[in-house]
1. Taking segment 439-492 only, how many residues are of a type in the set (A, V, I, L, M, F, W, C) and open to solvent by 30 Å² or more (accessible area, probe 1.4 Å)?
2. If E249 satisfies every condition in (1) within 27 Å of M288 (Cβ to Cβ); (2) open to solvent by 40 Å² or more (accessible area, probe 1.4 Å); (3) under 24 Å from the mean Cα position of the chain (by Cα); (4) not aliphatic (A, V, I, L, M) but one, which is the exception?
3. If you take the residues of segment 357-386 that are surrounded by fewer than 21 Cβ atoms within 10 Å (Cβ to Cβ) and out of contact with any strand residue (DSSP E or B) (no Cβ under 9 Å at 6 or more places or on another chain), which of them is nearest to C64 (Cα to Cα)?
4. Do we find that G505 is small (G, A, S), within 30 Å of I604 (Cβ to Cβ) and open to solvent by less than 30 Å² (accessible area, probe 1.4 Å) in this structure?
5. Right, G383: under 13 Å from the mean Cα position of the chain (by Cα) and at positive phi or not?
6. Report those strands (runs of 3 or more DSSP E) wholly inside segment 513-614 carrying at least 3 residues which are touching a strand residue (DSSP E or B) at 6+ places or on another chain (Cβ under 9 Å), open to solvent by less than 50 Å² (accessible area, probe 1.4 Å) and under 22 Å from T358 (Cβ atoms).
7. Can D199 be described as at pLDDT 95 or above, open to solvent by 50 Å² or more (accessible area, probe 1.4 Å), farther than 15 Å from A132 by Cβ and under 26 Å from the mean Cα position of the chain (by Cα)?
8. Take the residues of segment 173-190 that are touching a residue at least 24 places away in the same chain (Cβ under 8 Å) and small (G, A, S): which is nearest to N235 (Cα to Cα)?
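The values are calculated or read from the model by the stated rules, or taken from the named source; none is laboratory data. Note that the structure is a prediction, hence the values are computed from the model and not measured. Here the Cβ positions follow ideal geometry from the backbone for every residue, glycine too, while neighbour counts run over all protein chains shown. Accessible surface areas use protein heavy atoms only, side chains included; no ligands, DNA or RNA. Shrake-Rupley method; radii C 1.70, N 1.55, O 1.52, S 1.80 Å.
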Amino acid sequence: MEELMGESVILRDGELLRRSFANRKYLMSLKDEHLLRNYELEAGRFTNRCIDTETMGGWESSTCQLRGHFLGHYLSAAAMYYNQTGDIEIKAKADAIVDELGRCQEDNGGEWAAGIPEKYLYWIAKGRPIWAPQYTIHKTFMGLVDMYKYAGNKRAIEIADKFADWFYDWSGKYSREKFDDILDYETSGMLEVWADLYDITKKDKYKTLIERYYRSRLFDALLAGKDALTNMHANTTIPEILGCARCYEVLGDEKYLNIVKAYYKCAVTDRGTFATGGSTQGEIWQPMMKLKNRLGDKNQELCTVYNMRRLADFLFLQTHDPKYLQYMEYNLYNGIMAQSYYFGVEASSGNEEERLYTYFLPMAAGSRKNWAGPMDSFFCCCGTMVQANASFNHGIFYEDGKNIYIGQYINSDLDFNIDGNSVRLSLFEDSMNGLLQESSENNTAQTVNDIASAYANRPPFRKYVAVIHAEEGKTVDISLNFRIPEWINGKAVIMYNDEKITETGDSSSFVAINRKFKDGDRVTAYFPIGIKFIPMPDDPSTGAFRFGPEVLVGLTDDERFIHTDKDDEHLYEEFAPMAEREWGTWLPYFRTLNQEPGIKFVPINKVGDEKYQMYFKIKR
């Protein structure tokens, strides 16, 4: 199975495009001299003797031990944009940065290419406290590798290959036991980089580095079925497991695949997640199936959301199990979209463009998101944000021979070839609104039509349509596999043109439509949707509400309870639509019917500065 991405997948979703364009605008706004400052300082190439007050702050400050980490994320995001759209402007900017990194490497002696000094690595071996130098350095390697993989920059891989020589020599100075001690300090995705570089260069030194970076104290515990994660720092281990995933892809050793499966089982299946699909409080894994005591102001670090989505993507490619795609969907709407590029429900003070990302997604009652601006913070999650918002066309479509799998229901086009024929698959949501007017600017035809009156209120289902565009007179022999989401609240219906193919309540499954499609043929999926109560595993009387894949939160300053005599399956009856229609758009807003005072509920990804409550105690 292969994930389809790059220029073959064209994003059409308006909201995701808005976020993607905002992300690109932000990347282009950052000056090369600021992005490269710490690298040039380390190489002695920065010669400005005056005080420069316009610099990148937070973790990119010249006094922070993690300085330089963001540039790697930047290069990865720029490379992904070029891979999707052929964006020459952002590629030229990234190419120039790579060239300057090469000059920094030369002035550092020919190998070292980081924005921090080599001695940081030796300090780890001596047990001297130092803040995650391999985490920082990995980001540089990652950006260079991605510039080669996605943007064809050969200079980037030359720099990475020379930089790896330093690590080969350094890591060879220690015994196995001593290097295991070093691996207990955060290494981030260094294992993944070595696997990438082996795949690209086929040099034996990378096999040696893979062996040295095998973290047996974690990996072997997972293989033995132990709980190696409770109260452990989450985003230390997730990139290491992504490294195992890449090792499996490159080396084919089943041991690495088993480690990845054991990790997901320990981190997600056996541990449980919040209703959002995310996990962690204060950057650490919560105990297995114990969530109620972990609602706080530092839930769901954005880095963990992004990296766990990548891990789920890998596991779907290996297993074809749609549960991993469902996990990715929840974390897209309630993680990536909830934690980056502010777009609030209600008017808020300040400049919306200044609200770029949140390190965490608070879940305690009366919480408010803590937004970071464009130049003041540069936490780890800023780097995650620019990558996540540059990769929205990933994870939508997959191909396995003549099987096309629809992983996510995102408006998009897929261009592919089958039996020598060029084919386009157009996937879109039919909003059934009957009108095209999207704002108070009335510049569209107001033609009387049946749809506008047929759906007087918001339809109780989501309708997704896939249309085949084939060459004239030719048929396309493929199997379209539609994922049935976990969140449906009734039976899904699948239609081929005007023919009903199946009706199923088997959520988290696939329905395959095998046909010789001709131009204009369409497959339509109807997914019944409603509000569902998602109880906590360790406190069934407390839970959150989801509308389809989106978690709803109540806008309230103080903690509230839901008073009702209804059971969990009928809690949706406590809600009614609120402002359900705005011009041509159906809005997923609700209000309570029997609470005093009432509570307005909106999706977590629509919340900006408002205080909110995600989990509610149900009192009967």
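1. To start, the set of residues in segment 439-492 that are of a type in the set (A, V, I, L, M, F, W, C) comprises 445, 448, 451-452, 454, 456, 461, 465-468, 470, 476, 478, 480, 482, 484, 487-488, 492.
Subset that is open to solvent by 30 Å² or more (accessible area, probe 1.4 Å): 445, 448, 451-452, 454, 456, 461.
Summing the residues that are of a type in the set (A, V, I, L, M, F, W, C) and open to solvent by 30 Å² or more (accessible area, probe 1.4 Å) in segment 439-492 gives 7.
2. (1)
3. Of everything passing the filter in segment 357-386, D376 is nearest to C64 (Cα to Cα).
4. On the way: small (G, A, S): yes; within 30 Å of I604 (Cβ to Cβ): yes; open to solvent by less than 30 Å² (accessible area, probe 1.4 Å): no.
No: the conditions fail for G505.
5. In short, no.
6. Once the strands (runs of 3 or more DSSP E) in segment 513-614 are filtered for at least 3 residues that are touching a strand residue (DSSP E or B) at 6+ places or on another chain (Cβ under 9 Å), open to solvent by less than 50 Å² (accessible area, probe 1.4 Å) and under 22 Å from T358 (Cβ atoms), what remains is 539-547, 550-555, 600-603.
7. For D199, the condition - at pLDDT 95 or above, open to solvent by 50 Å² or more (accessible area, probe 1.4 Å), farther than 15 Å from A132 by Cβ and under 26 Å from the mean Cα position of the chain (by Cα) - is met.
8. S188
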